[in-house]
């Protein structure tokens, strides 16, 4: 069982999340439901949850400000939020989990599965990265957090040459010839990298950095050759999109 606390200033959001958890995620035990960050801090101190569902937009003290009250964060966090492009971008780049309101049961189940398969809690570096990005809006993000079985690695996004799907994992091939295996699906990695315009999904199994493409070889779908010498197949359905990116103005 996962012991959880729900935090949201809107009562109907708390009630809805509670109903969804009971119906779709019976492995979660709800210890408390809090409608303010102040009440939540007291509840967390007393009840020691393993997981916190944390609303971002709250009066007096928002979710990010609440996290700053902790020297160490000894619980996993799933943020819940209405669409806030910048906050979501910061959360995504830090490899933390979030759910958009209204919460989709399938997304809720997927987030819980990530929490359960991750062997370690989010690192202090991840939260530091998140909060730094939140406070320095407009500076741009360069590094992203990559969740691995051992923990997390922080790398510059432009160092990724391409990503390859491997069931529920993704292999990231870097410019320095290293390979990182992320404990995320390729779909998850595509979402995390979507704000970097130089990444494109060229196949159900491959995501490539357009800056690392040296050659395109024609065929039914064809394939690309990358700067590290590797070749990546292009699916027929994604060929036109790739060519538009490689040769803007010609399609």
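Read-outs: derived from the displayed coordinates by stated rules, not from any lab. In this text, all values refer to a predicted model and were calculated from it rather than measured experimentally. Ideal geometry is used to build each Cβ from the backbone, glycine not excepted, and the neighbour counts take in all protein chains shown.
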List the extent of the Cα atoms of the range 182-236 along each of their three principal axes, largest first, rounded to whole Å.
30, 20, 19
Expected sort for 171, 162 with the fewest Cβ neighbours (10 Å cutoff) up front is 171, 162
Calculate the spin-label point distance for residue 68 paired with residue 142, positioning each point 7 Å from the Cα along the beta-carbon direction, and give it in nanometres.
2.4 nm
Cα-based helix-to-principal-axis angle, 37-47 vs the chain, degrees rounded to 10
80 degrees
Given R₀ = 45 Å, FRET efficiency for residue 179-residue 25 by Cβ-Cβ distance, to 0.05?
0.85
Taking a point 7 angstrom from the Cα of residue 16 along the C-beta vector, which residues in the range 88-128 have backbone N less than 14 Å away?
99-108
What percent of all Cα-Cα pairs in the range 21-79 falls into each 10 Å bin, going from 0 up to the bin containing the maximum distance?
21, 58, 20, 2
Given the Cα-Cα distance of residue 243 and residue 210 and 0.36 nm per residue of separation, how much length would full extension add, in nm?
10.8 nm
Tell me the angle of helix 105-117 to the major Cα principal axis of the chain, expressed in degrees between 0 and 90 and rounded to the nearest ten.
90 degrees
If I stretch the segment between residue 223 and residue 113 completely, what's the gain in nm (0.36 nm per residue apart, minus their alpha carbon distance), one decimal?
36.2 nm
Just to confirm the number: angle between the C-alpha axis of helix 124-135 and the first principal axis of the chain, 0 to 90 degrees, nearest 10?
90 degrees
May I ask you to give the average projected area over all directions of the convex hull of the Cα atoms of the range 155-246, in nm² rounded to one decimal?
5.4 nm²
Within the set 152, 196, 79, GNM on the chain using Cα springs under 10 Å gives the largest fluctuation to 196
Segment residue 84-residue 158, length gained on full extension (0.36 nm per residue, minus Cα span)
24.2 nm
